[in-house]
Amino acid sequence: MIADVANLMNLAPKYGLYIDGKWVPASDGKTFTTYCPATGEKLAECAAATKEDVDAAVKAAQKAFPAWAQTPVEERAKILNKIADAIEANAPRLAMIEAMDKGAPIRETTFIDIPQAYGQFRHFAQLIAGEEDVLVTSVPGTYALQIREPLGVIGQIVPWNFSLMIGSWKIAPALAAGNTIVFKPSSATSLSTLIFAEIIADILPPGVFNVVTGSGSKTGQFILDHPGINKLSFTGSTEIGYTVAKAAAEKIIPATLELGGKSPGIYFDDCNREKALEGVQLGILFNQGQVCAACSRVFIQDTMYDEFVPQIVEKFKRINMGLPWDMNTQMASVIDETQCNKILGYIEGAKKEGAKILCGGKRRMDGEFAKGFYIEPTIIEGTNDMTCAREEIFGPVVVIMKFHTEEEVIAMANDNEYGLCGGVWTQNINRALRVAKAVQSGRIWVNCSTSCANGIAFGGYKKSGLGREISRSALDYYTQVKAIEISMYEGLTPFYTQ
Ligand code: TXE
């Protein structure tokens, strides 16, 4: 089945690395194989970029930079809109490849991943066209211009959970601001990026956007170490985030880091129960829980706990697991065996620490699930100090806990090293605002979950990262400010002459 779909979709055999507007093999000819996690079938051979290849990509981006940086914003905006149109025109193909590559339900890639991707390009096209250089009146007789200038060549590295979507969060603002790019997708999910490069090949000048596929430890590290990179932008684990931050510090270049999360979902007893149930589900089962923003710790007020918990269990038991390309599938495969074992390891660890598994907890190997990595939606009843409640599991596993008062739950929510997102469910507006303000996270949802609207800043507090994406502020992170002070004053400076 997969091989047929792959052929139909004209997949990767013809692809290599995309450097300076051309497809080239790795300089040593080496490739790596990518598989569909849902079936174990081979999808494609991709080129494994060497140090020389990364160097060639950086040089191409450096060469393309001056002209791209000077391209008028209206023209850049037009190009960004054309990229959005190209993604939208290829949406079914991209949604299918993303579903096959990461094993996620196609209804999610169709309705979330791909629209987010083209939405980002439209959003930044609009923003950049409206940007103005700031004219500041300063001391009498002088004025100042503040100009935002692009940084140069940006090294962008993304994870496997939302290749094209997270990619668009980085590519769109970087291009809008006039930078050029060397981009590396995760070796587990390179295909949507390669198709993206293919469909925009005639839209962008050569060298403005380059793709180097390969492993993190080699290709990724070559990007971090390259002296020609002027900024790093990374989404992935906090562990590799440290490596990226160190590489940036050594070169004194900026880095945007979007790292792990262990976000709290807080449910007060006056919440709309039906919406709240949907919130718990979306918060942890979307993309099999492999979402940095997942609300993987759920705090339920004691006055509704005994009634609400069985309802969540019931809902999780009814989740329709299936193959990714079936539109009825609500949950499919996690990314690979390592991730699968890691998740199961956390569940076993939770049991040893005294937690109770209320539902799920096992890998499914029956029928069509035999060759993939399917884990049942899992609810752990635990405490906030257990490993399963402290560390990012990155799977369909939620830890539920009881709380009594607002103060108590705020303290519990903040008692974690991460601070990416969070949700508060209540119909009391004052309480919603108080809790949203008190929880130490970059984004809080009130009576909703896991939404990532274009234009609303995304990024973490604490160990969840540095910088913001998706919104206007992303442009700040892809530019540097030049201030030009100009004097219209004819006389000498009074300070010196008196
Ligand atoms: O992430 P990595 P992995 C978490 C999640 C998951 C764990 C490991 O808990 O189980 O991380 O996943 C590239 N220099 N998250 O191994 O290693 C790598 O090739 C430069 C959370 O996939 O952080 C990939 O392109 N690059 C997270 C990207 O970094 C390197 C999303 C992410 O890989 C590199 C993903 C190096 N030395 C995983 N090593 C989130 N919260 O969104 C790796 N890479």
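Before moving on, here are some points about what is shown:
- Ranking Glu381, Glu258 by solvent-accessible area of protein heavy atoms (1.4 Å probe, all protein chains present), from largest to smallest, gives Glu381, Glu258.
- Simple spin-label estimate for Glu407 and Ala91 in nanometres, 7 Å along Cα-Cβ: 5.0 nm
- Loop-resident sites, the range 305-353, for trypsin sites (Lys or Arg not before Pro), counting at most 16 other Cβ within 10 Å (DSSP): Arg318
- Inter-centroid distance (Cα atoms) of the range 246-271 relative to the range 16-44, Å: 30 Å
- The portion of the accessible surface of the range 248-339 made up by carbon and sulfur, rounded to a whole percent, is 47 (1.4 Å probe; DNA, RNA and ligands excluded).
- Surface composition of the range 75-179: carbon plus sulfur atoms contribute 56% of the solvent-accessible area (1.4 Å probe, protein chains only, all chains present).
- Dipole moment magnitude, nearest 20 debye, the range 282-394 about Cα centre, only Lys, Arg, Asp, Glu C-beta charged: 180 debye
- Accessible area in square angstrom per residue, the range 344-439, 1.4 angstrom probe: 44 Å²
- Calculated Rg and Dmax of the chain using C-alpha coordinates, Å: 24.0, 91
- The simple spin-label model puts a point 7 Å past each Cα toward its Cβ; for Gln126 and Val481 those points are separated by 2.6 nm.
- Long pairs among Lys59/Lys462; Lys262/Lys351; Lys78/Lys275; Lys170/Lys275, criterion Cα-Cα beyond 28 Å: Lys59/Lys462; Lys78/Lys275; Lys170/Lys275
- Whole-percent carbon and sulfur share, accessible surface of the range 395-459, 1.4 Å: 53 percent
- Pairwise centroid distance, computed over Cα atoms, of the range 45-86 with the range 350-410, Å: 42 Å
- Proximal lysines to Lys102, defined as alpha-carbon separation beneath 19 angstrom and excluding residues fewer than eight positions away on the same chain: Lys42, Lys184, Lys342, Lys371
The values are calculated or read from the model by the stated rules, or taken from the named source; none is laboratory data. The structure presented is a predicted model; accordingly, all values stated were derived computationally and were not measured. For neighbour counting, all protein chains shown are included, and Cβ atoms are generated from backbone atoms with ideal geometry for every residue, glycine included. All accessible areas refer to the heavy atoms of the entire protein, side chains included, with ligands and DNA or RNA removed. Shrake-Rupley method; radii C 1.70, N 1.55, O 1.52, S 1.80 Å.
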